[in-house]
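Down below is the structure, laid out as structure tokens.
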Amino acid sequence: MKRVIWIGILLIRAVYYHEIMYFAEETQYYKLYYSEDESIEREKIVLCFEEGMEVESRYNEEKNIILNDSSQYFIDYKKETDSILYVNNEGEVVEKYLETGREERIEIPQIPQRIKREEKEERRSFYAQKYGTMEEVRKDPSYYNVQYGPGEKEISFVYKGILYTYNREKKEIEEITECEGSDYRNTYQWINKDEAYILCRDEDWATIYLWRRGNKETKVTENDNIDSFQVSRDVNQILCNRLFSKSMDSIIITTVKIVLADAMGKERVELEELGVENKVNYVLKHVSDQYIIYIKQGKGKIKSKVYRLDLETGKKKCICWTDHEVMGIIVK
């Protein structure tokens, strides 16, 4: 009996020791991170995972793709052409074929000026403080969140707070709906050609909606402080970063999981904390239905840390440290 008690005590001490050491490591990391020199340049890379690969073991850095001319933390991959889509340092949309290294600039026609509508006065909440008011958003002439699809010959992007598709064969642009745009946050995801989850600004905040062609948008989340999200590959759950703050000067980002009642997202049936803090970088990618990969970005001499998160258990594991700046993640 005494032996069992002592084993129990040792296990409890081991757990507390692990938690204390983790907290000390995180505290030291952020102390070093915010004291580092941002002027030190780091080589930019894209992490490359293979579909069905084992993510239990450590990541092999030989799979990295060098992409120093990318200006955004948002890279999309197309398996059929083995190519990636991104925005370069000149603000151009570029398609790069991985096998040959050939690059092609995609010329997007001029987007017609929208009819100016009366804007509500928007108070500068910490969401607006972090990402700008809608008036400021609609003055930004950059392309954001460039993706392949939803059609075979189409790409999509956010421009001045609006989601568009561009048919490269027909040279036609279609306006879809209002949507947040970002150079590092995932703000929309196509389910098929007529359905997409979108992050849309609602007065001071943003929330996730399910857009359906020809139908009214359906609100998916109840909390209006969603920052970035990723729909699982089986379309049964959404993982999203959520802003939380007790003051204007302290913005904390936590990660939550939303399990959908069905593949159409009609009902939110579960909302639980996963305990992941992703304060430095928002790269977040499903590599399977069970695992996601996310990055704690370094800078200067501080290494970037690549984590694997188990969606079933909520446990995370560091699978790679790198001196590079991680611009995105693709699954081949």
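Check ILE319: other-chain or 5+ apart residues with amide H under 5 Å from its amide H, H built from backbone geometry?
HN-HN under 5 Å from ILE319: VAL306, TYR307, ARG308.
Note down the nm distance, to one decimal, between modelled labels 7 Å out along Cα→Cβ at ASP183 and at ASN89.
Taking the two extended label points, one gets 1.3 nm.
Given a cut-off of 26 Å, name the pairs among LYS139/LYS296; LYS79/LYS316; LYS63/LYS285; LYS44/LYS301 whose C-alpha atoms lie farther apart than that in the structure shown.
LYS139/LYS296; LYS79/LYS316
Give the calculated FRET efficiency between GLN110 and ARG233 to the nearest 0.05, with a Förster radius of 41 Å applied to their Cβ-Cβ distance.
Given R0 = 41 Å and the Cβ-Cβ separation, E is 0.70.
Taking 0.36 nm per residue of separation and subtracting the Cα-Cα distance, what length does fully extending ASN60 through ARG138 add?
Contour length minus the Cα-Cα distance gives 24.0 nm.
Please list, ordered by chain and number, the residues whose modelled amide H lies under 5 Å from the amide H of GLU325; skip anything fewer than 5 residues away on the same chain.
It is GLU43, LYS44, ILE45, by chain and number.
Can you give the extra length, in nm with one decimal, that the chain gains between LYS193 and THR218 once fully stretched, where that is 0.36 nm per residue apart less the Cα-Cα distance?
That pair, LYS193 and THR218, stretches by 7.3 nm at full extension.
Using θ = phi - 60° and the Karplus relation 6.51 cos²θ - 1.76 cosθ + 1.60, list the HN-Hα couplings for segment 307-321 in order, rounded to whole Hz, with x at every Gly or Pro.
10, 10, 10, 8, 5, 7, 9, x, 7, 10, 8, 6, 10, 6, 10
Would you mind working out the accessible area per residue for segment 158-231, using a 1.4 Å probe, and quoting it in Å²?
Ligands and nucleic acids excluded, the result is 39 Å² per residue.
Give me a comma-separated list of calculated 3J(HN,Hα) values for segment 74-88, in order, Karplus coefficients 6.51, -1.76, 1.60 applied at θ = phi - 60°, integers in Hz, x for any Gly or Pro.
8, 10, 10, 10, 10, 5, 4, 10, 6, 9, 10, 10, 7, 10, 7
Sum up the charges of everything whose Cβ sits under 15 Å from the Cβ of GLY214, counting Lys and Arg as +1 and Asp and Glu as -1, but leave GLY214 out.
So the environment of GLY214 carries a net charge of -1.
The values are calculated or read from the model by the stated rules, or taken from the named source; none is laboratory data. All of these numbers come straight from a predicted model, not from anything done at the bench. Cβ sites come from the backbone with ideal geometry, for glycine too, and all protein chains shown count toward neighbours. All accessible areas refer to the heavy atoms of the entire protein, side chains included, with ligands and DNA or RNA removed. Shrake-Rupley method; radii C 1.70, N 1.55, O 1.52, S 1.80 Å.
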